[in-house]
Amino acid sequence: MNAEGELAPVVQSILRDARNRDTPDERVSVDARSFADAIARTESKGEIPVIAEVKPTSPTTDGNRTDDPVELAKQMVEGGATALSVLTEPEHFGGSPENLRRVREAVDVPVLRKDFVVEEAQLDVVEADLVLLIARFVGDDLSQLVTAARERGFQVLVEVHTRGELEKATDAGADIVGVNNRDLGKLEVSLDTFESVAPEVPDEMTCIAESGITTTNDARRMREAGADALLVGSAIMDGDVAENTQRLVSA
């Protein structure tokens, strides 16, 4: 794993809290909804696949949303979301496993668990259709965690920021990769990141653009650069989530 000194202080804090959280005793078994099928359904309608994120707050945004996460999720699906991302990290993002359980029961699209998983037992916190693993955070444990997640039935989204991390994700057998436009060291966002890394993503791998996608021009730019889907949080949560989702889906 990279030295924590290379990460922004708030990210270091998130990781420390992640390592100290309690883990369940029982192992989950998931009957996952197909993310690939959901993408195909969206594209068959001539729309852009968007993973809309239920994110009450975050260290990089002002304020928070106190709406019922289930109502937000339903509005996102109404707006055309291909899938949903639900934060389960409590201290810094206002999320919870219970939010994800409730959302997944209320919608029929795939649901991604967005959290900072750093050990195998943390996979068992809650059932989801996809689980996020951040290559930079898990380091040499990536391959083991990918395997452990799939054994439970999860589809695995491996997040990367550099070509080197993409190579590690490929070596670990990842088939869904998310390129995060946010540098976790400086917390700066640049869409150039996706455009630099995406050309190296193998054709058989599903490629998702994450962070910094705000406008319809951003959405089109990421699609032209090779994104199979877009993961969007703040730009959807800031305002009418159904309208914001529809705007990006129809870009």
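The values are calculated or read from the model by the stated rules, or taken from the named source; none is laboratory data. Since the structure is predicted, the reported quantities are computational estimates derived from the model, not experimental observations. Virtual Cβ from ideal backbone geometry, glycine too; neighbours counted across all protein chains shown.
Would you mention how many residues in region 163-198 are touching a Leu at 6+ places or on another chain (Cβ under 7 Å), in a strand (DSSP E or B) and hydrophobic (A, V, I, L, M, F, W, C)?
Looking only at that region, the number is 2.
Are any residues in region 35-51 within 21 Å of residue 155 (Cα to Cα), out of contact with any Asp or Glu (no Cβ under 8 Å at 6 or more places or on another chain) and in contact (Cβ under 8 Å) with a residue 60 or more places away in the chain, and if so, which ones?
36, 38, 42, 48, 50, 51
(1) in a strand (DSSP E or B); (2) closer than 21 Å to residue 17 by Cα: which one isn't true of residue 156, the others all being true?
(2)
If only one of 72, 84 is within 30 Å of residue 121 (Cβ to Cβ), of a type outside the set (Phe, Trp, Tyr), under 16 Å from the mean Cα position of the chain (by Cα) and surrounded by 13 or more Cβ atoms within 10 Å (Cβ to Cβ), which one is it? Reasoning before the result, please.
Numbers: 72 fails: under 16 Å from the mean Cα position of the chain (by Cα).
When all the criteria are applied, what remains is 84.
Just checking, which of 198, 169 is within 24 Å of residue 110 (Cα to Cα) and crowded, with 22+ Cβ neighbours inside 10 Å?
169
Kindly provide the set of residues from region 53-88 that are among the charged types (D, E, K, R), in contact with a strand residue (DSSP E or B) (Cβ under 8 Å, 6 or more places away or on another chain) and modelled with pLDDT under 95, ordered by number.
Listed by number, the list holds a single entry, 55.
I'd like to know if region 178-189 contains one or more residues that are polar (S, T, N, Q) and either farther than 22 Å from residue 131 by Cα or modelled with pLDDT of 95 or more (or both).
Yes, the conditions are met somewhere in region 178-189.
For residue 108, are the conditions met, namely being surrounded by fewer than 24 Cβ atoms within 10 Å (Cβ to Cβ), assigned to a loop (DSSP other than H, G, I, E, B) and of a type in the set (D, E, K, R)?
Criteria met by residue 108.
A quick yes/no check of all residues on (1) touching a helix residue (DSSP H, G or I) at 6+ places or on another chain (Cβ under 9 Å); (2) assigned to a helix (DSSP H, G or I); (3) within 22 Å of residue 183 (Cα to Cα); (4) of a type in the set (Ser, Thr, Tyr):
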residue	(1), (2), (3), (4)
46	no, no, no, no
53	yes, no, yes, no
56	yes, no, yes, no
72	yes, yes, no, no
75	yes, yes, no, no
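Just name the residue that is farthest from residue 12 (Cα to Cα) out of those in region 176-198 that are in contact with an Asp or Glu (Cβ under 8 Å, 6 or more places away or on another chain) and touching a residue at least 60 places away in the same chain (Cβ under 8 Å).
Applying the filter and picking the extreme gives 182.
Looking only at region 199-248, count how many residues are acidic (Asp, Glu), part of a helix (DSSP H, G or I), farther than 21 Å from residue 72 by Cβ and in contact (Cβ under 8 Å) with a residue 12 or more places away in the chain.
Here the count works out to 2.
Can you pull out every residue in region 89-105 that is in a loop (DSSP other than H, G, I, E, B) and buried (at least 23 other Cβ atoms within 10 Å of the Cβ)?
In the first step, residues of region 89-105 are kept if they are in a loop (DSSP other than H, G, I, E, B); the result is 89, 94-96.
The one that is in a loop (DSSP other than H, G, I, E, B) and buried (at least 23 other Cβ atoms within 10 Å of the Cβ): 95.
Looking only at region 142-163, which residues are closer than 18 Å to residue 11 by Cβ and surrounded by fewer than 20 Cβ atoms within 10 Å (Cβ to Cβ)?
162
Go over the candidates 28, 107, 10 one by one and state the one that is touching a strand residue (DSSP E or B) at 6+ places or on another chain (Cβ under 9 Å) and either in contact (Cβ under 8 Å) with a residue 24 or more places away in the chain or not aromatic (Phe, Trp, Tyr) (or both).
One residue alone meets the criteria, 107.
List the pairs whose first member sits in region 158-175 and is under 18 Å from residue 190 (Cα atoms), whose second member is among the hydroxyl-bearing types (Ser, Thr, Tyr), and whose Cβ atoms are under 8 Å apart, counting only residues at least 6 apart or on separate chains?
Note: pairs meeting the criteria are 161/193; 163/196.
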